[in-house]
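Okay, so here's the structure we're looking at.
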Amino acid sequence: MDNNKSHNAFQNSDGDGRPTLSALEARLAKATHQLNARRQRLIRAILDSADETCFLSSREIAKRYHVDATTILRTTQVLGYESFADFAADLRQHFVARITPYTALKAATREKRSVADHIDHCLDKAIDNLNVLKSDLDRQRVIELAKLIKRSRHVLVVGLDFAASLSYYLAYGLLALGFDAEAPIGSSGNLQYKVEVLTSKDVLVAISFGQCLRDTVESVLRAKKQGVPTFGITDSTTSPIARYCDAHLITPVVSPSFLNSYVGPMAAISAIHVACAHIDPKRSLNRLRPTDREYASGHRWYREPKGFNGDLP
């Protein structure tokens, strides 16, 4: 499932079979020789309990591991962080990248909330995601993608598991505007065959979050080798989708649930649809004009039988 927290999500690599390190793990690996054994164990313990430590202050972490706050600060400085806040940000990113549905739900159940409170918390986070997207969305990059889609022969949208809903939504909206777009489903083989026929005249849009699913990332790598333009929709500038695609959009998917929140990505995709419609409004109107009568009176919509008085059978 591409809340991208499925079992497949933990098998990702950087392209040569090695596990993808979080930014914090990479710093630790680089600074290992500068840290004594005690401080190495301290950082490892913090990482191993990231679900509990990622929101603690330096004093709270120090208390948890029976050291003084100065030790925490000096250790983070050895890792190359200018401030504890920078370390905490990477620790949270590490937690998000390694989270599983079980650990997410387990963390949520520790909170003393009613079911109604959990629902409100979920909705609050969804609103936060929309506000972050509205504030940070790169409008020009959305416009550039719309231009790329317009001049492309074919648009292949790759989003798997839960992200399949996003890829379908993007492709379906583009089809309505007259673009040749599809979101393939089925086996890895089917996806591979779809990618293999792409050329430089096409575009591949990849959607994945967190560590990113292997099949999605490998589709991007395969397309790039064939000279196909690639564009990503993901949640971090350090994700494999962001690193390997020619360009990308960042959309928050933060959620207190065991699944990612797709409110942000759905809104971003709506923005892409709007950009594609208005990049050439005359073309869009010509495409939609034949459907106007169908929407007004066609057989597509449910109509009550003649003489229906409102009573159910």
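Labels on offer are (i) 1.06; (ii) 0.97; (iii) 1.03, and the one holding Rg/Rh (Cα atoms, Kirkwood Rh) computed from this structure is (i). Only Lys, Arg, Asp and Glu carry charge here, each on its Cβ (+1 for the first two, -1 for the last two); on that basis the chain has a dipole of about 440 debye about its Cα centre.
With both residues required to sit in the chain, DSSP beta bridges show an antiparallel share near 5%. The sum of -39500 (n - 2.57) across all DSSP H runs of n ≥ 4, divided by the residue count of the chain, sets its helix-only mean residue ellipticity at 222 nm to -17000 deg cm²/dmol.
Each part gets one Cα centre, and for region 250-313 versus region 129-161 those centres are 17 Å apart. Restricting the GluC sites (Glu not before Pro) of region 45-112 to loop positions (DSSP other than H, G, I, E, B) with no more than 13 neighbouring Cβ atoms within 10 Å leaves GLU82, GLU111.
For the cross-link pairs LYS125/LYS150; LYS30/LYS112; LYS150/LYS194; LYS134/LYS225; LYS224/LYS282; LYS63/LYS112, the ones whose C-alpha atoms lie over 30 Å apart are LYS125/LYS150; LYS30/LYS112; LYS134/LYS225; LYS224/LYS282. Note on PHE87, PHE209: ascending count of other Cβ atoms within 10 Å places them as PHE87, PHE209, the fewest first.
For a test of the definition: using alpha carbon positions, the gyration tensor, and the 1.5 limit on a/c, classify region 134-292 as rounded, prolate or oblate. Because a/c hits 1.5 or more and a/b fails to exceed b/c, region 134-292 counts as oblate.
Residue order for LYS201, LYS282, fewest other beta carbons within 10 angstrom first, comes to LYS282, LYS201. Placing unit charges on each Cβ (+1 for Lys and Arg, -1 for Asp and Glu) gives region 185-250 a dipole about its Cα centre, and among SER187, THR199, SER219 the Cα reaching farthest toward its positive end belongs to THR199.
Since every read-out is calculated from the coordinates, none of them should be taken as a lab result. These numbers come from a predicted model, not from an experiment. Every residue, glycine among them, receives a Cβ derived from its backbone with ideal geometry; neighbour counts consider all protein chains shown.
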